[in-house]
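Here, each number is a calculation from the coordinates, and none is a lab measurement. Since we're looking at a predicted model, the values are computed, not measured. Methodologically, a virtual Cβ is constructed for each residue, glycine included, from the backbone with ideal geometry; neighbour enumeration extends over all protein chains shown.
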Ligand SMILES: O=C[C@H](O)COP(=O)(O)O
């Protein structure tokens, strides 16, 4: 695990302004938990309000369009989310790959646009159950990752985070086993070092997502090559999200 775990709450399509009280509570609690890097990715409509309310935590978007602007009704560019106050964008989430038929090439184009706009990128990858059962999970994830990366990743160690999210673990209440998580993260690390060189390849954070909750967070975050967590359902209440952050803080304390 890295010295400073990265815990990101992905609110998905949840949240109206009533949720701002949760963001405020998370931000207040974050002041006492500086050993953990905390961020929220609310829906587009809440990026600016969350940024205004929360000073200690990172704020990001859940998608962006690959073009700078133009006739794309309903879409939002990377520069627009940056202007709204986002510092990063989550790309390649399986819910976008499946629900919006997003392919690796488009995701790589979105990532290039995000980097150009000065954003950091959390790039998601993960296998469906059939691939895991067929013993092809690692091959599938590495192929997906390779194809979803843009040709140029500026300051990769600092600006790229990889999120490993096995599709079957998302929202199922059934996280992957720690052995499977560590094995996949180690394979991803090897790929990143090969692709970006020793320095950047070891600095890129690899976080795990898929049914992380306050009960399983410590075991997952303490895993080798696990640098944090991408949390969906359990990030919707400040209490459960901060219990995950506290678990990460305890892991750091126990290792120092
Ligand atoms: O982006 C977050 C992941 O899809 C995990 O969601 P979950 O924690 O609800 O399983």
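Summarising the overall dimensions of region 54-111 from its C-alpha atoms, the Rg and Dmax are 12.0, 36 angstrom.
Peptide packing for 78-90, 43-55 was compared via the average number of neighbouring C-beta atoms within 10 Å per residue; ordered from the highest value, the list is 78-90, 43-55.
Over region 172-256, one equal point on each Cα, no solvent: what is log10 I(q)/I(0) by the Debye formula at q = 0.26 Å⁻¹? Once normalised to I(0) and log-transformed, intensities are -1.22. Largest GNM mean-square fluctuation across 16, 202, 161, computed for the chain with C-alpha springs under 10 Å, falls on 16. With only the Cα atoms considered, the chain has a convex hull volume of 115 Å³ per residue. Once the Cα-Cα distance is subtracted from the 0.36 nm per residue extended length, the residue 139 to residue 174 segment shows a gain of 10.4 nm.
Measuring max minus min along each principal axis, the C-alpha atoms of region 1-70 give extents of 42, 30, 18 Å (largest first). In terms of surrounding Cβ atoms within a 10 Å radius of their Cβ, 17, 189 rank from fewest to most as 17, 189. Kindly state, as a whole number, the per residue volume in cubic angstrom of the convex hull around the alpha carbon atoms of region 109-256. Roughly 118 Å³ of hull volume per residue. Between region 183-230 and region 82-124, the C-alpha centres lie 19 angstrom from each other. Note on the chain: with a GNM built from Cα contacts shorter than 10 Å, the maximum mean-square fluctuation among 109, 98, 239 falls on 98.
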